[in-house]
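**Q** What follows is a structure written as structure tokens; I'll ask about it next.
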Amino acid sequence: RTLLKTLSNIACRDTEEAASNSTAEKYPLLQLKEQEKKQTRSMGSRISALLSRHQRRRSRVHNGPLAVEEDRKEDVEIQDTHKTEEAALSDFAEQAQLTDSQAEEECPLCLEYLSEAAAYYDTEYASDARRAVFRFKICKHLFHGQCLLALKAAKDNGCLRCPLCKTIHGVVTGNQPDGLMHIFRLDDIVAGFTTPGVIQISYCIQAGIQGPTHPNPGTHFTCRGFPRVGYFPDTTQCRQIVSMLMVAFERRLIFTVGTSMTSGRHNTVTWNEIHHKTSYTDNSSGHGYPDPDYFYNVC
């Protein structure tokens, strides 16, 4: 009864405040909607906190020392989670102190004011990282910590890409299966070039079982068309591109497991959006030379 009476008083008080403030503004209808929006968020967080505390009190009354020990373990787990969340964002962003003008800006992800919390997190158990506003270290754009954690959870590949400017923060990693990358030099001429010298890259990957980062963990995947090759003219620019491809291979970005665009086969190893020229004598298929825009595009 006490809990219900408290909730009723909160509801009446917030409703009266919203009504009185709205009539004093120049645009009462717009202001009323804004007050209703804030009232809903405020009510939700307060009700959640009150119900949670009320349930714990009842549990301790009925279960005694056992309930107290369970609460202690729960607090330890929450603290460990908070430390993990703060560490998860520290590599990409840092907590920011908002200026008066920034406080009126909206978070680009949830569209709530940066000065207010994102509307969909648990107020009572939220970590400092979830409550705070974070600024990306490179591009300096501002977001709720809660929103960045949700963005990272949606695609946890070792980095965060700013939704506004697409700047990558951190190191991108993929889910390419284990394999080998071999580099050779051929005494031939790439179509469109006059100087002899062809760099051949050969990739070798064997079939296996999909891991936890693949679409269907535990399912067999195939490797058709391996070893696969790519060709570059032996120039200073292309040697730099090959060194970049070596880094991409180490970070498991050259290939992925999915559905083949050419054969339609599922659970197979496919190219992963880094275009390779598989011929150095003919470009009728679009996968050979000459192609003056290729080097810019692949970089």
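Okay, residues lined up against (1) more than 30 Å from Leu111 (Cβ to Cβ); (2) open to solvent by 40 Å² or more (accessible area, probe 1.4 Å); (3) in contact with a helix residue (DSSP H, G or I) (Cβ under 8 Å, 6 or more places away or on another chain):
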| residue | (1), (2), (3) |
| --- | --- |
| Gln176 | yes, no, yes |
| Val190 | yes, no, no |
| Ala248 | yes, no, no |
| Arg252 | yes, yes, no |
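**Q** Oh, and also: Taking Gly208, is it in contact with a strand residue (DSSP E or B) (Cβ under 8 Å, 6 or more places away or on another chain), without any contact (Cβ under 8 Å) to a residue 24 or more places away in the chain and not hydrophobic (A, V, I, L, M, F, W, C)?
**A** no
**Q** Which of the residues spanning the range 213-226 are closer than 21 Å to Arg251 by Cα, in contact with a Gly (Cβ under 9 Å, 6 or more places away or on another chain) and either open to solvent by 40 Å² or more (accessible area, probe 1.4 Å) or part of a loop (DSSP other than H, G, I, E, B) (or both)?
**A** If the condition is that a residue be closer than 21 Å to Arg251 by Cα, in contact with a Gly (Cβ under 9 Å, 6 or more places away or on another chain) and either open to solvent by 40 Å² or more (accessible area, probe 1.4 Å) or part of a loop (DSSP other than H, G, I, E, B) (or both), then Thr213, His214, Pro215, Pro217, Cys223, Phe226 are the ones that fit.
**Q** A further question follows. When you look at Gln210, is it of a type outside the set (A, V, I, L, M) and open to solvent by less than 20 Å² (accessible area, probe 1.4 Å), yes or no?
**A** For Gln210, the condition - of a type outside the set (A, V, I, L, M) and open to solvent by less than 20 Å² (accessible area, probe 1.4 Å) - is met.
**Q** Can I ask one more? Among the numbered criteria (1) at pLDDT 95 or above; (2) over 29 Å from the mean Cα position of the chain (by Cα), which single criterion is violated by Ile205?
**A** Here Ile205 clears every test but (2).
**Q** Something else: Hey, Glu273 hits all of (1) in contact (Cβ under 8 Å) with a residue 12 or more places away in the chain; (2) in a loop (DSSP other than H, G, I, E, B); (3) closer than 22 Å to Val171 by Cα but one; which does it fall short on?
**A** Condition not satisfied by Glu273: (1).
**Q** Hey, does the range 280-289 have a residue that's of a type in the set (Ser, Thr, Tyr), open to solvent by 30 Å² or more (accessible area, probe 1.4 Å) and touching a strand residue (DSSP E or B) at 6+ places or on another chain (Cβ under 6 Å)?
**A** Yes, that holds for at least one residue.
**Q** Moving on to the next point. Would you confirm, using the coordinates I've provided, whether His182 is more than 28 Å from the chain's Cα centre (by Cα) and open to solvent by 30 Å² or more (accessible area, probe 1.4 Å)? Step through it out loud before you land on a result.
**A** Numbers: more than 28 Å from the chain's Cα centre (by Cα): yes; open to solvent by 30 Å² or more (accessible area, probe 1.4 Å): yes.
Criteria met by His182.
The values are calculated or read from the model by the stated rules, or taken from the named source; none is laboratory data. Keep in mind that this is a model prediction, so the values were computed, not measured. For neighbour counting, all protein chains shown are included, and Cβ atoms are generated from backbone atoms with ideal geometry for every residue, glycine included. We work out accessible area using only protein heavy atoms, side chains counted, and drop any ligands, DNA or RNA first. Shrake-Rupley method; radii C 1.70, N 1.55, O 1.52, S 1.80 Å.
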